[in-house]
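I have placed the structure first, in the form of structure tokens, so that the comments after it can refer back to it.
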Amino acid sequence: MIFSKHLVAVAAILGASSVFAQEPEFLEFDPPGIDITDLKAFSDFQVRLKAPPNGTAVVYWETPGLKSTQCTTTWTTEDWNIFKPVRVQPLKQYSKVGEETYKITAQCDAPTEPYHTGRQFYPVKRTYVPAVDCTILDDPHFKTFGGTRFDYQTTSTFYAIKSDMLTVEMSQFICVANPADPAASGSCTNGVAIRYGQAIVIVNVNEANQLTINQVSDNVEGLEITQGADNVTAVIKIPADETEITLTGLGWLANMDWINTVIRIGGTYLNQVGGLCNVYTGKPDDGLECSNGVKTTNPKIFGDSWIVPENDDIFKCGAKCVGGKGGNTNTGDGKICKIPLPFPPPRPEEPAPPKETHPPVTTEVIIPTTIVSVITETYEVPATKEASTDVNTQPPATDVATTDAEPQPTGNPDEGNHVTTSEVVRTVTISTEITQIITTAATTTLVATETAKETYFTTVTEMPKYTAPPPPPVPAPEPTQAPEPYPYPQEPAPPAGEPPKDTPPTNPAPPAPPAPPADDGSNYPYYPPGTDPKPTKPAGCPQEFYDSAVKYCHSLYEVPACKALVDTDFYISSCIHDAVRVGSFVFAEGGKRQMMGSCLAKLDAKQNSADPIEVEESEKIVRESVYLKEVNCGEGCGAHGQCTPNGCICNAGFGGLKCDVDLNTLPIYEADKPVQNSKGEVVPKTSAAATGGNGAATGQAPIISGASSSVAGTVCALVAVVAGALVM
């Protein structure tokens, strides 16, 4: 009996499969299947109906791993036999290699036709080229497209990447001064210029340590620019080829005017770029390739070869520079398409369904319903504005069938000083979950919870025009005068053999100080792919501070979800290296923001993959992650930060994954390499020193002085760690 039931079940499954396999094909594709390679920005196919519909037929597309220029295609009785184009663009994938076959799904909404709600599948063969990223961090530490780590110091403008279509230039200044040994100095980025075709923007830092985005070209066609609510993070995307450039300031001290950068590119740039991010070959680096094609392992030789010439320095010549290529013909306005559920969705031209009524009853009915509405408004954002999350537990006042939640504006857009990106689009998603409807003969009461979630990133639609600074004045040469004639006859020379007359003794000139060692790049750190350098304790650094740096940097960057997606060891070693070098953690918080942004970008790529295994891995990461994605900030960001897609963004003076570390309580010591901004002003080691007060709730810890165990006679000041500040 059990065996016969199994046979019946198998027969039912086979029958269902047979019915599905025999579902009528209603579309004709040209070509019958499509080959997509990541070396091309987009691929095209065309499609038409096989028979005329009695009315309108709308096909909805689902394009896994791809963007499409349209998510629906519509035919009528007049144009049913006309091929209509569909353009698809591969989304970046960082871990996929080789070939993969899968299908694009088409589902039809044609109520009068037998294929209504039917599906048809279009075969795809995709050849992957793994996307790559390049990281430029702090003072500065580079990690190239091919995985090499190195440091390079300059006060010039250099090419981060250079190609015919896309160029990224960076200007640097000395931010960690060491006149005795230039190779031990550090330089930081205080300006980034991006040129895509003829679209050019420049990003720098204003007096409030906020990123300002300036338009250089007549238009910025082809660029999609968004900026964080606190104006400390900006993302510049090129939708046509999926390039993404993320810029992060170090916003917790007002005079720290430098920028961290991550550049992410895909297969269209394979073997097409050079610069300090190195060449992009899709393989691990086998050296650093100079601008003349010669390979080296010396970061200085490599970096100097990519210094920008005067006639292409965008910071000086703007849109008149010699570089750049013609305009962008593909603006990349595609979207990730998914078939809506339930299917088919209501058609715009169809009348709304009749309003639902509830008969008077005396019982309590529970209806779990969620209504989501998206509100978009355009306004000017003040510099002091911060995004927030509001929760309103007041019930909606209208009937359940017509409830449309309205947003409650947060803050006054007219307050504060306006930033340079004057007009932005703010999006607020309102989720109203209706949990109960209590209806009596007299009244109907809705019990609901309404949550308003504001986006952290806003779209920039207007920018000020960039004006290149005037060249420095050339000092006039000092006038030279001919020597006056001697006013009296010179005394004759003594006869031969006669001793010279006595002359007053003169003090011998002091010996010249020893010249600093030549900056030949031999001392610049260089680590080929696969190596994992461990920072060492420099002479003069107290062991107590070094141990604290190791502990805090691990706590800041060891995010389990990110460890599988980004090189967290690069961030940890850079954090320790910078802390022990300058005697404080002024660089740490900006690095955390950068790492979390890179982690989110890699996670998004997995979520949008055509590979179900990758999608499942991404969903597992989201379920198990902490401080990643705005719905999953773990225990929250407390009173000193806000939850964003990049994790907790902390208010000035606070840090850590939960924004629960008062940065004034972290240890410091008096290193011999002061940190300075582009004006030469020394950057204080704590926000309390910067603001003239505590700068945070817990204030500063007492200072403990002692002699360094590494260098006899060197006295270091060490700020004690407040109890619990570094408890993991």
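Results for (1) in contact with a Gly (Cβ under 9 Å, 6 or more places away or on another chain); (2) over 30 Å from Ser598 (Cα atoms); (3) modelled with pLDDT under 95, shown as yes or no for each residue.
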residue: Ala11; (1), (2), (3): no, yes, yes
residue: Glu28; (1), (2), (3): no, yes, no
residue: Phe42; (1), (2), (3): yes, no, yes
residue: Gln46; (1), (2), (3): no, yes, no
residue: Pro52; (1), (2), (3): no, yes, yes
residue: Tyr60; (1), (2), (3): no, yes, no
residue: Thr69; (1), (2), (3): yes, no, yes
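Given the structure, is Asn278 farther than 20 Å from Pro645 by Cβ and at pLDDT 90 or above? When the stated conditions are applied, Asn278 passes them. Taking the criterion of being in contact with a helix residue (DSSP H, G or I) (Cβ under 9 Å, 6 or more places away or on another chain) and open to solvent by less than 30 Å² (accessible area, probe 1.4 Å), the residues of the range 293-313 that qualify are Thr296, Val308. The set of residues in the range 562-575 that are in a helix (DSSP H, G or I) and either crowded, with 23+ Cβ neighbours inside 10 Å or without any contact (Cβ under 8 Å) to a residue 40 or more places away in the chain (or both) comprises Cys562, Lys563, Thr568, Asp569, Tyr571, Ile572, Ser574, Cys575. Within the range 576-609, the set of residues being under 16 Å from Gly186 (Cα atoms), hydrophobic (A, V, I, L, M, F, W, C), in a helix (DSSP H, G or I) and in contact with a helix residue (DSSP H, G or I) (Cβ under 9 Å, 6 or more places away or on another chain) comprises Ile576, Ala579, Val580, Ala588.
The values are calculated or read from the model by the stated rules, or taken from the named source; none is laboratory data. Computed from a predicted structure; not experimentally measured. Cβ sites come from the backbone with ideal geometry, for glycine too, and all protein chains shown count toward neighbours. To get the accessible areas, we keep the full protein, side chains included, count just its heavy atoms, and leave off ligands, DNA and RNA. Shrake-Rupley method; radii C 1.70, N 1.55, O 1.52, S 1.80 Å.
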